[in-house]
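K.L.:
First, the structure itself, so that you have it in front of you.
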Amino acid sequence: MEEENYNLKEPLDEDLIKLIKINNDKDSPIAMSALGKLYERYSKHLMILCERTTMNTSYADEVFQETWRRVYKYASYTSKSGKFFTWLSKIAKNVYLSIREKQLDIVNIEKFDYNNIPEKEETDTALPSLDQKLVEEAINKLSPQSKDVLLTYMQYAPSRNDHLPKDQIEILKNKYNTTSVNLRKIKSRAVQSIKDYIEQHR
């Protein structure tokens, strides 16, 4: 199949998506150029949205990058979907929820006995789960600092050994003018606060 080209001077968002959809199976210069133009138009606003949604700059970057990857891979936007940025925002929010669903396992941040929690059926195994609504509520009640620190630990230290990569430690230390020891304390207090909230509202 020959690459289909469009005039890229001032194309509509929908036209750029069509270019990507037609040519992205080959990662052609045309598809990449079309994605680049969308990136130029919306990357700044999308990053602001990601940062506000995640309350965590490093976490926001992961959502930001995955959103653009999905835009390029699926290229499903049409003008019937509404404004392009509204469509893009929905993708970003779905990406954030899917990433956090995998990482935000409050039960496994630290060992904690949830004997009365029903198991969630999985294809291969059954894992303990919590009412997602309670988890969301508990996290949203944390201070921005506590939420940021907790999510950073959950993203970069999922094995629960509290050993963040040095670059992430430095980011948090500089951001909050604190020490690595205090960061672990903030994380522990946040976890305990979530546990207490869940216990009180089961």
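The values are calculated or read from the model by the stated rules, or taken from the named source; none is laboratory data. Source: prediction; values computed, not measured. Every residue, glycine as well, gets a Cβ built from its backbone with ideal geometry; the counts of neighbours run over all protein chains shown.
K.L.:
Go over the candidates D124, D167 one by one and state the one that is exposed (fewer than 13 other Cβ atoms within 10 Å of the Cβ), at pLDDT below 85 and either basic (K, R) or not in a loop (DSSP other than H, G, I, E, B) (or both).
P.N.:
Working: D124 fails: either basic (K, R) or not in a loop (DSSP other than H, G, I, E, B) (or both).
Answer to the check: D167.
K.L.:
Filtering the range 49-103 down to residues that are aliphatic (A, V, I, L, M) and outside any helix (DSSP H, G or I), which residue is modelled with the highest pLDDT? Break it down into steps so the answer makes sense when it comes.
P.N.:
Here is the first cut: in the range 49-103, the ones aliphatic (A, V, I, L, M) are 49, 55, 60, 63, 71, 75, 88, 91-92, 95, 97, 99.
This time we only want the ones that are outside any helix (DSSP H, G or I), so: 55, 75.
Working: M55: 73, A75: 90.
Residue satisfying both the conditions and the ranking: A75.
K.L.:
Here is a further query. With aromatic (F, W, Y) and in contact (Cβ under 8 Å) with a residue 40 or more places away in the chain as the only criterion, which of F85, F64 stands out? It would help to see each step written out before you state the result.
P.N.:
Working: F64 fails: in contact (Cβ under 8 Å) with a residue 40 or more places away in the chain.
Of the residues listed, the single one that is aromatic (F, W, Y) and in contact (Cβ under 8 Å) with a residue 40 or more places away in the chain is F85.
K.L.:
Would a scan of the range 12-27 turn up a residue that is at pLDDT 90 or above, on the phi < 0 side of the Ramachandran plot and not in a helix (DSSP H, G or I)?
P.N.:
yes
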